[in-house]
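Notes follow the structure.
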Amino acid sequence: MKHNLLTGSLALLFITAAITSVGCGDASVDPGPVTDAGTDAAETTAAVTENIYAHNLGDYDFGGETFTIYARQLMHLNSAMHAEAADGTTLNDAIYERNVRLMELYNFKYEEVFEENNTEQARLSVMAGDDTYDIINTRCVYAFNYAMEGLLRPIADLPEIDLSKPYWDKELTDAMSIGNVPFFAVGAFNTSGYEYTHLLAFNKELAASNDFDVYGTVKDGSWTYAAMREMMKTVVSDINGDGTMDRQDRYGLLSTAKQILPCFWIAAGQESMKMDANDYPTYSLLTDEKFQTVFVEIFDLVYDSNVWHHFTDEENVHPDEVNMFINGQGLFIDMPVFYLETLRTMDTDFGLIPYPKYDEAQNEYYSRIEGCEQTCIPVTNVKDLEMTGVVLEAMASDSAQNLVPAFYEVLLKSKHTRDNDSEEMLEIVFGNRVFDWGDTIYCPEIRDGQFSAMMKNNKRDIASVAAKLEKTMNKKIEQAIAAFEELNQ
């Protein structure tokens, strides 16, 4: 059975390249300082890096044709694949310079059309037979539905696409395949796979004042539910002494109800849905005893220990929890990477760490991806398939060498990460990322449909909720399997 884990090969390659490039004049991979004794080694490192990211594309001239992208416009996410001009900002300029290189090399033009938040207009366009768009970048849930409707062609069918190359995220692409057919793929040009990853930020001053060696605990493998519980319980304080714990006081964990369960169950190596031997989703909540055990223990971790301030609002990250963390009222705060920017005004230093393991018997730390953007090929793209394959392959290759290091440069040189340990922690966070279908594709039914309300209201009867969902989920899964089996014939 396929387990939807990112084993980290691509993530670690990117991180290694990014960290070595921080502080360089350009965003390409820097082999480091060269001395007489190290010249050969540096040259070898540069050559190996070049080979890792090199593509096998030949010479192409697309005669000035336009490569048209339809994408979601999201204020909190780096969703753009094109930049009209350089503006002095690191990511924008990395995109602009990459695209200039590719347009000159293959003689084509970019056009990018945005729709706020969703891509429904692109879907309607494809349904009408319009061939305007060469690719659609959209939320994974939308991409799945478009594919099930027969509106997309598998990305692996494109000429010149080689998904085995390290600039394509093989593990994440495989995790989102359906019936062993990769309709979508995540390339190095798509940073949302990093930005939608959840981690914990911790208040370094508060940790130090309580003699917590947070980084050391992560490094030696003892960062577990139990270790986190003890740290969180220690810092809880009725700061104003009014006998009531409210938003004026201090907590061990700041997070909204909808985020707690999936972040912790995934950190424990569990999934709310599994894939069968044919690579189709299955409804496993009724029979998965380990998942049920972990699910209930998460309530014990945050409710029974009285360490969590009950943010029950619907926001993914509540503004008050961010302000409380900035004001020193929380030891830990849940953060998707794209939201770290909200901590930019914090005066106290903070660190970044992965979520804890369930126990020390667990070998790896796992991090949750709350979905990500998917690159989709509409079935109406017929005449531009060769150009689409060449452009995407070249974009992925070039981005691995330039865009991803620029992305990490922004992350590692800002106030977000204020020490060398956080760089090492990011390797751990991004090294084992998990895509859970019940948290993403079937989020409306499972995570947001049931689990979010359970956490809000301290309802722990997972068995009865699992039984309640069984009929609905089995029907949806049957419909999806039937649709994709027909498409995959």
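The values are calculated or read from the model by the stated rules, or taken from the named source; none is laboratory data. Bear in mind the structure is a predicted one, so any value in this text is a computation, not a measurement. Neighbour counts run over all protein chains shown; Cβ positions are idealised from the backbone, glycine included. Side chains included, ligands, DNA and RNA excluded: accessible areas come from the protein's heavy atoms. Shrake-Rupley method; radii C 1.70, N 1.55, O 1.52, S 1.80 Å.
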Task: Subset of region 248-257 that is surrounded by 16 or more Cβ atoms within 10 Å (Cβ to Cβ) and part of a loop (DSSP other than H, G, I, E, B) - its residue that is modelled with the lowest pLDDT - done: Asp249
Task: Subset tally (residues that are assigned to a helix (DSSP H, G or I), farther than 17 Å from Val337 by Cβ and open to solvent by 10 Å² or more (accessible area, probe 1.4 Å)) for region 385-420 - done: 5
Open item on the list: What are the pairs with Cβ atoms under 6 angstrom where one residue, in region 375-394, is over 21 Å from Asp169 (Cα atoms) and the other, located anywhere, is acidic (Asp, Glu) and in a loop (DSSP other than H, G, I, E, B)? Sequence gap at least six, or different chains.
Closed with: Thr380/Asp131; Asn381/Asp134; Asp384/Asp134
Open item on the list: Can you find a residue that is out of contact with any helix residue (DSSP H, G or I) (no Cβ under 7 Å at 6 or more places or on another chain) and assigned to a helix (DSSP H, G or I) anywhere in region 355-362?
Closed with: no
- [ ] Please state which one of Thr287, Thr244, Thr256 is of a type in the set (Val, Ile, Thr) and within 21 Å of the chain's Cα centre (by Cα).
- [x] Thr256
TODO: Looking only at region 188-205, decide whether some residue is assigned to a loop (DSSP other than H, G, I, E, B), open to solvent by less than 10 Å² (accessible area, probe 1.4 Å) and without any contact (Cβ under 8 Å) to a residue 60 or more places away in the chain.
DONE: no
Open item on the list: assigned to a loop (DSSP other than H, G, I, E, B) and open to solvent by less than 30 Å² (accessible area, probe 1.4 Å): which single residue out of Val302, Val294, Val317, Val322 fits that description?
Closed with: Val317
Open item on the list: Considering only region 460-479, I want to know if a residue exists there that is open to solvent by 40 Å² or more (accessible area, probe 1.4 Å), in contact (Cβ under 8 Å) with a residue 12 or more places away in the chain, within 16 Å of Trp265 (Cα to Cα) and touching a Phe, Trp or Tyr at 6+ places or on another chain (Cβ under 9 Å).
Closed with: yes
TODO: Filter region 233-247 down to the residues that are charged (D, E, K, R) and in a loop (DSSP other than H, G, I, E, B), then identify the one that is nearest to Asn327 (Cα to Cα).
DONE: Arg247
Task: Of all residues making up region 110-125, the number that are open to solvent by 50 Å² or more (accessible area, probe 1.4 Å) and in a helix (DSSP H, G or I) - done: 3
Open item on the list: Yes or no: region 83-105 includes at least one residue that is surrounded by 15 or more Cβ atoms within 10 Å (Cβ to Cβ), under 21 Å from the mean Cα position of the chain (by Cα) and part of a loop (DSSP other than H, G, I, E, B).
Closed with: no
TODO: Please tell me if Phe212 is part of a loop (DSSP other than H, G, I, E, B), over 21 Å from Glu271 (Cβ atoms) and of a type outside the set (A, V, I, L, M).
DONE: yes
Open item on the list: Suppose we filter region 172-182 for residues that are open to solvent by 40 Å² or more (accessible area, probe 1.4 Å) and either within 14 Å of Ile377 (Cβ to Cβ) or in a helix (DSSP H, G or I) (or both); how many remain?
Closed with: 1
Task: Within region 126-156, tally of residues that are free of Cβ contacts under 8 Å to residues at least 12 places away in the same chain and not in a loop (DSSP other than H, G, I, E, B) - done: 1
